[in-house]
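**Student:** Here it is, the structure, as structure tokens.
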Amino acid sequence: MIARKVVVRMRAILVNEFGEDAEQVLAEVPEPGEGEVLVEVKAIGVNYADILMRRGKYGDRLPPPYTPGFEAAGVILKTGNGVTDWKPGQRVMGTVPRQQCGCYAEQAVMPAWLLMHVPDRFRDEDGAAFSEVFITAQLALATTGRLSAGETVLIHAAAGGVGTAAVQMARALGARVIATASTQEKLRRVESLGAEVLINYTTHDFQQEVEKHTGGKGVDLVLESVGGEVFEKSLRCLRPLGRLVVFGNSSGIPAAVKSTEIAKRMITISGFSFGTLTNIRPDIIRKAMESVKQMLRKDRIRPVVGKIFPLAEARVAQDYITSRANIGKVVLIP
């Protein structure tokens, strides 16, 4: 008798073609390769990049069909060749490269080097809401933005996933935080995280408010992920020798930059991409992870989980993000 291979299957979300649709299917459980681990996924972080990728508008997008998601928390089931730092049964949280994805599933293969231990005090959803946003915040603020104690930073969309992490990281670095958000409820939340100046950009001109609260001097650093007019006004919020870090363009609108203004005011504009750094400079990612872990051990930062959806409602969860209703991170539970 010929032995038949038993195919183990799991539930996963599948994007069959770029656009608005995605479905839940039964998929074959993947095997971890060299330097990878297989994780039983307990919670999944939803990111705006997931939405852009589904729409075919993300730079490092995968060709359909693919399972989206590059952030999760769970328990290690199996380790691949060359993995010595992790063992089955350990709780982990982390990310995967954009070209890999696969976290919108009951089990996912994740690179061992991009994992961190889940603290005992964290729920599964806390772990899923941690890695991407806090490593991004560290890289944008400290590595790229060179933020120092005593400086002032303007953080846009401060109530979102990256925003809530960036407010905490900036305060931990000793900076003064000016935060923008669209509602008073969101501003109250970021105030509880350490923001000192709160600006409702739907009722106030943030550039005028920044000028008022800095005595006309401007800020040292701006974190910008909107583009268009927000980018252009953010440049005008910088003091001489100020820095602006771009890590997204949620509006989809390009911005105009005058080289004469950059030179005259000696300002610096820097781009930042977590996905790109993962591929070309993993050493920078590792250094940022160590800084984040130190702050986590000192209990100076914590994830903000805003809303939780079941895996089958992944599309609903993404729509919730695009509606800009979320405070903190949106999470899926398989």
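**Student:** When Ser148 is evaluated against the numbered criteria (1) open to solvent by 10 Å² or more (accessible area, probe 1.4 Å); (2) among the polar types (S, T, N, Q); (3) under 28 Å from Thr67 (Cβ atoms), which criterion, by number, is the only one it fails?
**Tutor:** (3)
**Student:** Determine which single condition Arg286 fails, assuming it passes every other condition in (1) without any contact (Cβ under 8 Å) to a residue 24 or more places away in the chain; (2) within 24 Å of Ala108 (Cα to Cα).
**Tutor:** Every listed condition holds for Arg286 apart from (1).
**Student:** Under 9 Å between Cβ atoms, which residue pairs at least 6 apart in sequence (or on different chains) link something in segment 64-91 that is touching a residue at least 40 places away in the same chain (Cβ under 8 Å) and more than 15 Å from Val41 (Cβ to Cβ) with a partner that is outside any strand (DSSP E or B) and of a type in the set (Ser, Thr, Tyr)?
**Tutor:** From segment 64-91, no pairs qualify.
**Student:** Which pairs turn up if I take residues in segment 226-255 that are under 18 Å from Gln208 (Cβ atoms) and assigned to a loop (DSSP other than H, G, I, E, B) and look for partners that are modelled with pLDDT under 85 and not aromatic (Phe, Trp, Tyr) with beta carbon separation below 8 Å, at least 6 apart in sequence or on another chain?
**Tutor:** Listed pairs, sorted by first residue: Val226/Gly248; Val226/Asn249; Val226/Ser250; Val226/Ser251.
Per-residue answers, yes or no, for (1) more than 22 Å from the chain's Cα centre (by Cα); (2) within 30 Å of Arg55 (Cβ to Cβ):
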{"position": "Thr183", "(1), (2)": "no, yes"}
{"position": "Arg189", "(1), (2)": "no, yes"}
{"position": "Gly194", "(1), (2)": "no, no"}
{"position": "Val210", "(1), (2)": "yes, no"}
{"position": "Thr214", "(1), (2)": "yes, no"}
{"position": "Ser234", "(1), (2)": "no, yes"}
{"position": "Pro240", "(1), (2)": "yes, no"}
{"position": "Asn249", "(1), (2)": "no, yes"}
{"position": "Ile267", "(1), (2)": "yes, no"}
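**Student:** While we're looking at this one, here's another question. Given (1) in contact (Cβ under 8 Å) with a residue 60 or more places away in the chain; (2) closer than 28 Å to Ala317 by Cα; (3) surrounded by fewer than 19 Cβ atoms within 10 Å (Cβ to Cβ), where does Gln138 come up short, assuming only one miss?
**Tutor:** Gln138 satisfies all of (1) in contact (Cβ under 8 Å) with a residue 60 or more places away in the chain; (2) closer than 28 Å to Ala317 by Cα; (3) surrounded by fewer than 19 Cβ atoms within 10 Å (Cβ to Cβ) except (3).
**Student:** Looking at (1) exposed (fewer than 14 other Cβ atoms within 10 Å of the Cβ); (2) under 30 Å from Leu26 (Cα atoms); (3) at pLDDT 95 or above, can you tell me which one Leu332 breaks?
**Tutor:** (1)
**Student:** Continuing with this model, one more query. Taking segment 86-109, which residues are assigned to a loop (DSSP other than H, G, I, E, B), open to solvent by 40 Å² or more (accessible area, probe 1.4 Å) and at pLDDT 95 or above?
**Tutor:** Filtering segment 86-109 for residues assigned to a loop (DSSP other than H, G, I, E, B) gives 86-90, 96-104, 106.
If we keep only those that are open to solvent by 40 Å² or more (accessible area, probe 1.4 Å) too, we end up with 87-90, 99-100, 106.
Selection gives Lys87, Pro88, Gly89, Gln90, Glu106.
**Student:** Quick one: Lys258 ticks every box in (1) surrounded by 14 or more Cβ atoms within 10 Å (Cβ to Cβ); (2) under 23 Å from Gly145 (Cβ atoms) except a single one, so which number is it?
**Tutor:** Failed condition: (1).
**Student:** OK, next. What are the pairs with Cβ atoms under 6 angstrom where one residue, in segment 109-130, is under 18 Å from Gly80 (Cβ atoms) and aromatic (Phe, Trp, Tyr) and the other, located anywhere, is open to solvent by 20 Å² or more (accessible area, probe 1.4 Å) and in a helix (DSSP H, G or I)? Sequence gap at least six, or different chains.
**Tutor:** none
**Student:** I want to confirm something. Restricting to segment 189-211 and keeping residues that are assigned to a helix (DSSP H, G or I) and farther than 25 Å from Val257 by Cβ, which single residue is least open to solvent (accessible area, probe 1.4 Å)? Reasoning before the result, please.
**Tutor:** Step one: list which residues in segment 189-211 are assigned to a helix (DSSP H, G or I), which gives 189-192, 206-211.
Those still in the list that are farther than 25 Å from Val257 by Cβ too: 189-192.
On the way: Arg189: 100, Val190: 0, Glu191: 101, Ser192: 74 Å².
Among those residues, the one meeting the criterion is Val190.
**Student:** Are any residues in segment 212-225 part of a loop (DSSP other than H, G, I, E, B), open to solvent by 60 Å² or more (accessible area, probe 1.4 Å) and either among the hydrophobic types (A, V, I, L, M, F, W, C) or in contact (Cβ under 8 Å) with a residue 12 or more places away in the chain (or both), and if so, which ones?
**Tutor:** The answer is Lys217, and nothing else.
**Student:** Does segment 305-321 include one or more residues that are over 26 Å from Ile13 (Cβ atoms) and surrounded by 13 or more Cβ atoms within 10 Å (Cβ to Cβ)? Explain how you work it out, then say what you get.
**Tutor:** Initial filter on segment 305-321 (over 26 Å from Ile13 (Cβ atoms)): none.
No, every residue in segment 305-321 fails to be over 26 Å from Ile13 (Cβ atoms) and surrounded by 13 or more Cβ atoms within 10 Å (Cβ to Cβ).
**Student:** In segment 47-63, how many residues are more than 16 Å from Ala105 (Cβ to Cβ) and outside any helix (DSSP H, G or I)?
**Tutor:** Within segment 47-63, the first condition is being more than 16 Å from Ala105 (Cβ to Cβ), and the residues that meet it are 48-49, 51-52, 55-61, 63.
From what is left, the residues that are outside any helix (DSSP H, G or I) are 55-61, 63.
Count: 8.
**Student:** Glu40 - would you say it is of a type in the set (D, E, K, R), assigned to a loop (DSSP other than H, G, I, E, B) and surrounded by fewer than 21 Cβ atoms within 10 Å (Cβ to Cβ)? Spell out how you get there, then give the answer.
**Tutor:** Numbers: of a type in the set (D, E, K, R): yes; assigned to a loop (DSSP other than H, G, I, E, B): no; surrounded by fewer than 21 Cβ atoms within 10 Å (Cβ to Cβ): yes.
So Glu40 does not fit the description; no.
**Student:** Counting just the residues of segment 64-85 that are part of a strand (DSSP E or B) and over 27 Å from Val162 (Cα atoms), which one comes out least open to solvent (accessible area, probe 1.4 Å)? I'd like the intermediate steps shown before the answer.
**Tutor:** From segment 64-85, those part of a strand (DSSP E or B) are 66, 71-79; that's our starting set.
Right, trim to over 27 Å from Val162 (Cα atoms) and you get 77-79.
Working: Leu77: 74, Lys78: 79, Thr79: 46 Å².
Once the filter is applied, the top-ranked residue is Thr79.
The values are calculated or read from the model by the stated rules, or taken from the named source; none is laboratory data. Computed from a predicted model, the values in this text were never measured in an experiment. Note: ideal-geometry Cβ built from the backbone for every residue, glycine included; neighbour counts use all protein chains shown. The protein model used for the area step is the full one, side chains on, heavy atoms only, and it has no ligands, DNA or RNA in it. Shrake-Rupley method; radii C 1.70, N 1.55, O 1.52, S 1.80 Å.
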